[in-house]
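The values are calculated or read from the model by the stated rules, or taken from the named source; none is laboratory data. Nothing here was measured: the structure is a model prediction, and the numbers come from that model. Virtual Cβ from ideal backbone geometry, glycine too; neighbours counted across all protein chains shown.
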Amino acid sequence: MIEIDVVKRIKTASGEVDMHVKVDIEKGGFCSLFGKSGAGKTTIMRLLAGLTEPDDGVIRIDGKTWYDKKNKINVPVNKRKCGFVFQDYALFPNMTVRRNIEYASVNKSNVDMLIDMVGMHELKDRKPANLSGGQRQRVALARALAAEPAILLLDEPFAALDADMRDTLQNELKIIHNKLGVTTILVSHDKGEVFKLANKVYAMDDGVITKIGTPEEVFTDSTISGKFKFTGRVLKVERADCLYVLTLSIGTEVGHVVATHSEARDISIGDRVLVYTKAFNPSVKKI
Amino acid sequence: MNQLEAKVLHYRTSGQIILCELESFGAQVTAVILDSPGELEYLKEGNALNILFKETEVIIATGEIGQLSLNNRFRAKITAMEKGDIFTSLAIDFGTGMTSVITTKSAERLGLAVGTEVTALVKANEIAIGRRD
């Protein structure tokens with residue numbers, strides 16, 4: 001269990017504000033801080049890691065106090081068990097993949113398991129300069145996990161990758177998280193990514209947490225009435241006559257929806273969409 | 001999706017079904033929805049909201065309309081047409097714009113062209129309501 005209840009004065013686009021952050025994350029959970037840049041997401045990561053000191057409050061991880069203003073407790077950065085993955089993979093350029101991971105590991109016998117888990121077995125003797133962006137992020141993830149962190153902090157980890165690679169690494173991260181159960185916080189401004197990975201979202205704006213809930217609760221449009229609403233992901237957009245056919249994945253199913261030009265105009269592959277119809281339209285048949 | 005501004009005149013409920021009487025740019029609109037009035041904070045008499053309905057559910061008629069069960073009738077004029085092999089998309093105006101998608105076969109049978117006066121018809125159960133932001 002992670003409990004953060006801190007106050008920190010930060011500079012935002014609309015001036016200085018006292019950011020009051022109250023975040024609770026269950027052990028093994030995957031939560032996301034979502035919001036525009038400058039909303040204060042990265043500041044929360046830095047407060048957790050001990051890189052920035054709060055003005056007041058308490059940070060407790062699995063019952064251990066990392067920070068407590070009143071009782072003058074401030075565990076130093078190197079004693080806080082945080083694993084980090086940033087957008088720019090900070091790997092040691094002179095070390096091989098294996099050495100990079102080994103260097104950070106607390107248990108050398110896990111290194112090969114981690115290399116396999118991130119699919120880098122074949123490339124374990126290469127140096128970072130000879131790896132693609134996606135491969136480097138795999139190594140960065142394995143290295144962060146090798147330290148057996150109490151909490152894994154991911155700050156826009158896939159933002160610099162192309163859409164396909166981002167998609168692949170998101171899927172792999174999901175599998176790894178399910179397997180290892182490391183409590184994870186993801187900073188992201190990508191709704192699709194948050195939907196895919198997080199089970200709890202803190203939406204932030206100008207240093208204030210504006211919404212807390214599951215991705216569905218936080219992102220689903222509640223401005224339209226109706227009892228037949230789902231969120232789906234756009235797999236394909238095809239022109240058909242003077243209309244468009246959208247192929248959508250909804251839950252584990254794939255379906256098709258006819259859209260007009262004005263609807264299809266601002267929809268691209270990978271977008272999250274609200275699919276709704278009047279409750280009068282669907283027909284049901286026993287199966 | 002057609003999205004038009006409308007004003008709530010009144011509404012009544014039967015179980016979970018709500019019948020809303022609305023007015024949109026001078027046209028009377030009836031919408032039947034399945035929802036809980038308590039959850040729709042914008043459903044109040046006199047309130048402005050959006051009515052939403054799919055373009056492919058807008059029926060087009062010309063000339064005199066005989067006896068029809070349809071309540072929602074918009075006297076409109078065609079302002080633009082996009083003809084496909086199978087479907088034709090019509091931009092129509094009755095004080096505000098909406099779109100209707102009908103078969104090209106029907107558009108030709110009715111002799112539709114830009115400027116033609118038509119009546120657009122929408123079934124009450126095809127109209128959803130939404131908050132106006």
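Exactly one of these conditions fails for B:Leu43: (1) touching a strand residue (DSSP E or B) at 6+ places or on another chain (Cβ under 6 Å); (2) of a type outside the set (Asp, Glu); (3) surrounded by 17 or more Cβ atoms within 10 Å (Cβ to Cβ). Give me its number. Going through (1) touching a strand residue (DSSP E or B) at 6+ places or on another chain (Cβ under 6 Å); (2) of a type outside the set (Asp, Glu); (3) surrounded by 17 or more Cβ atoms within 10 Å (Cβ to Cβ) one by one, B:Leu43 breaks only (1). Anything in segment B:9-19 that is out of contact with any helix residue (DSSP H, G or I) (no Cβ under 9 Å at 6 or more places or on another chain) and surrounded by 14 or more Cβ atoms within 10 Å (Cβ to Cβ)? List them, or say none. Across segment B:9-19, the qualifying residues are B:Leu9, B:Ile17. Pairs are defined by a Cβ separation below 7 Å, a sequence spacing of at least 6 or placement on different chains, a first member in segment B:21-33 that is within 14 Å of chain A (Cβ to nearest Cβ) and over 10 Å from B:Lys7 (Cα atoms), and a second member that is among the hydroxyl-bearing types (Ser, Thr, Tyr) and buried (at least 18 other Cβ atoms within 10 Å of the Cβ); the pairs so defined are B:Ile33/A:Ser225.
Quick check on segment A:234-259: of everything there that is of a type in the set (S, T, N, Q) and in contact with a strand residue (DSSP E or B) (Cβ under 8 Å, 6 or more places away or on another chain), which residue is farthest from B:Thr56 (Cα to Cα)? Applying the filter and picking the extreme gives A:Ser249.
Taking segment B:48-69 only, how many residues are of a type outside the set (Asp, Glu) and within 14 Å of chain A (Cβ to nearest Cβ)?
Of segment B:48-69, the ones of a type outside the set (Asp, Glu) are B:48-54, B:56, B:58-63, B:65-69.
Of the ones still in play, those that are also within 14 Å of chain A (Cβ to nearest Cβ) are B:48-54, B:56, B:58.
Result for segment B:48-69: 9.
Which members of segment B:111-133 meet the condition of being within 22 Å of B:Asp93 (Cβ to Cβ) and of a type in the set (S, T, N, Q)? B:Thr116, B:Thr119 - these are the residues of segment B:111-133 that are within 22 Å of B:Asp93 (Cβ to Cβ) and of a type in the set (S, T, N, Q).
State whether one or more residues within segment A:220-234 are more than 14 Å from every other protein chain (Cβ to nearest Cβ), within 30 Å of B:Ser100 (Cα to Cα) and among the aromatic types (Phe, Trp, Tyr). So far as segment A:220-234 goes, yes, one or more of its residues are more than 14 Å from every other protein chain (Cβ to nearest Cβ), within 30 Å of B:Ser100 (Cα to Cα) and among the aromatic types (Phe, Trp, Tyr). With the condition kept exactly as written, say whether any residue in segment A:164-176 is in the same structural domain as A:Ser32 (by TED's automatic domain parsing), buried (at least 20 other Cβ atoms within 10 Å of the Cβ) and touching a strand residue (DSSP E or B) at 6+ places or on another chain (Cβ under 7 Å). No. Within segment B:73-105, can you find the residues that are among the β-branched types (Val, Ile, Thr), assigned to a strand (DSSP E or B) and more than 14 Å from chain A (Cβ to nearest Cβ)? Those that are among the β-branched types (Val, Ile, Thr), assigned to a strand (DSSP E or B) and more than 14 Å from chain A (Cβ to nearest Cβ): B:Ile78, B:Thr79. Scanning segment A:203-247 for residues being in a strand (DSSP E or B) and within 24 Å of the chain's Cα centre (by Cα) gives a total of 15. For segment B:62-72, the condition holds for no residue, the condition being that it is surrounded by fewer than 19 Cβ atoms within 10 Å (Cβ to Cβ), touching a strand residue (DSSP E or B) at 6+ places or on another chain (Cβ under 8 Å) and not in a loop (DSSP other than H, G, I, E, B). Among strands (runs of 3 or more DSSP E) entirely within segment A:1-74, having at least 3 residues that are over 16 Å from the mean Cα position of the chain (by Cα) and of a type in the set (D, E, K, R) singles out A:2-12, A:15-25.
So, in segment A:258-287, of the ones that are within 10 Å of chain B (Cβ to nearest Cβ) and out of contact with any helix residue (DSSP H, G or I) (no Cβ under 7 Å at 6 or more places or on another chain), which residue ends up nearest to A:Phe219 (Cα to Cα)?
The first filter runs over segment A:258-287 and keeps only residues within 10 Å of chain B (Cβ to nearest Cβ), leaving A:258-263, A:276-281.
Within this subset, residues satisfying the condition of being out of contact with any helix residue (DSSP H, G or I) (no Cβ under 7 Å at 6 or more places or on another chain) are A:259, A:261-263, A:276-277, A:279, A:281.
Details: A:Ala259: 22, A:His261: 24, A:Ser262: 22, A:Glu263: 19, A:Tyr276: 15, A:Thr277: 18, A:Ala279: 21, A:Asn281: 25 Å.
In this case the residue turns out to be A:Tyr276.
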